[in-house]
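As structure tokens, the structure follows; a few thoughts come after it.
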Amino acid sequence: MQNMDFTIAVIEDDPIQLENLQTALKGQGFSVVSYADRVSAEKGFNQSLPDLVISDIILGTEMDGGFDLAKHLLTFERPIPIIFLSERQSEFDIYTGHALGAIDYLPKPISLNVMIAKVKNLLRITGSTASNPTQPQSASKIEGLHLADNQFKAYWNDKPLDLTATEYEMLRQFALSGQKTVVTYDTLQESTQGVVERNTINTHICRIRNAFKKVDQDFNLIHNEYGRGYSWQNKN
């Protein structure tokens, strides 16, 4: 798929920053829609969903406007990846962003070239699969875990898991590796084509575990292997 095939929504209340983001993205051939506040963005999404959302956290008078927008995105059947771009860099804010399904949480100010590279990597993941709707399911080596690559959906004992596209790709590494095999930090990071930073892998794994616990409260099969990565096994 070409860049022009993707629509990116940018939500930013600072008009200068909004214009800079629009110019950078349009310069790469992306279709861009922009909003200055959460309410107008939600109205726009109810009419037509973008392929990717880039949003600030503080939107006008709403200190958590971006977080509330992410909650709204979770109500749609089709998962919409979101990148937060914010001056708020506390551990709690970063955790909250990822807990709400963010693919990435980037600091302000940021190099537009770096941001564009991350956007392209992310859309390469989601776009390559979406462009091949006949792609078969991944062969899972884990009993009870089934993957549908063409939809970025995973099922545990036939129950759907609430995962972002990035978390799906990370979970897929466990399915392909099988039980008792260490999936290294490098493998998990490479599976997202650099979208996920090394220091946020633990947060994504936590979200993956929580997704399993929502459908299986006794789930306890993903374990940290100190200094190496994670493994899927029953250690009880």
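Among residues of the stretch 89-107 being within 16 Å of residue 204 (Cβ to Cβ) and in a loop (DSSP other than H, G, I, E, B), the one that is nearest to the chain's Cα centre (by Cα) is 103.
Listed by position, the helices (runs of 4 or more DSSP H) contained in the stretch 1-88 that have at least 3 residues being touching a helix residue (DSSP H, G or I) at 6+ places or on another chain (Cβ under 7 Å) and over 16 Å from residue 104 (Cβ atoms) are 38-47, 65-73. Consider residue 198 carefully, then state whether it is surrounded by 13 or more Cβ atoms within 10 Å (Cβ to Cβ) and within 25 Å of residue 100 (Cβ to Cβ). Considered against the rule, which asks whether it is surrounded by 13 or more Cβ atoms within 10 Å (Cβ to Cβ) and within 25 Å of residue 100 (Cβ to Cβ), residue 198 comes out as no. Could you say whether any residue in the stretch 167-178 is surrounded by fewer than 20 Cβ atoms within 10 Å (Cβ to Cβ), outside the structural domain of residue 76 (by TED's automatic domain parsing), under 22 Å from residue 97 (Cβ atoms) and at pLDDT 90 or above? No, the stretch 167-178 contains no residue that is surrounded by fewer than 20 Cβ atoms within 10 Å (Cβ to Cβ), outside the structural domain of residue 76 (by TED's automatic domain parsing), under 22 Å from residue 97 (Cβ atoms) and at pLDDT 90 or above.
Could you tell me whether residue 46 is without any contact (Cβ under 8 Å) to a residue 24 or more places away in the chain and assigned by TED's automatic domain parsing to the domain that holds residue 89? Yes, satisfied. Of all residue pairs spaced 6 or more apart or on separate chains, those with beta-carbon atoms under 8 Å, a first member in the stretch 100-111 that is within 19 Å of residue 17 (Cβ to Cβ) and surrounded by fewer than 22 Cβ atoms within 10 Å (Cβ to Cβ) and a second member that is modelled with pLDDT of 90 or more and among the hydroxyl-bearing types (Ser, Thr, Tyr) are 106/86; 107/86; 108/86.
Kindly indicate whether residue 60 is without any contact (Cβ under 8 Å) to a residue 60 or more places away in the chain, closer than 26 Å to residue 95 by Cα, of a type in the set (Gly, Ala, Ser) and loosely packed, with under 15 Cβ neighbours inside 10 Å. When the stated conditions are applied, residue 60 passes them.
So is residue 180 over 22 Å from residue 52 (Cα atoms) and in contact with an Asp or Glu (Cβ under 8 Å, 6 or more places away or on another chain) or not? The answer is no for residue 180.
The values are calculated or read from the model by the stated rules, or taken from the named source; none is laboratory data. Just so it is clear, the model here is predicted, and its values are computed rather than measured. Neighbour counts run over all protein chains shown; Cβ positions are idealised from the backbone, glycine included.
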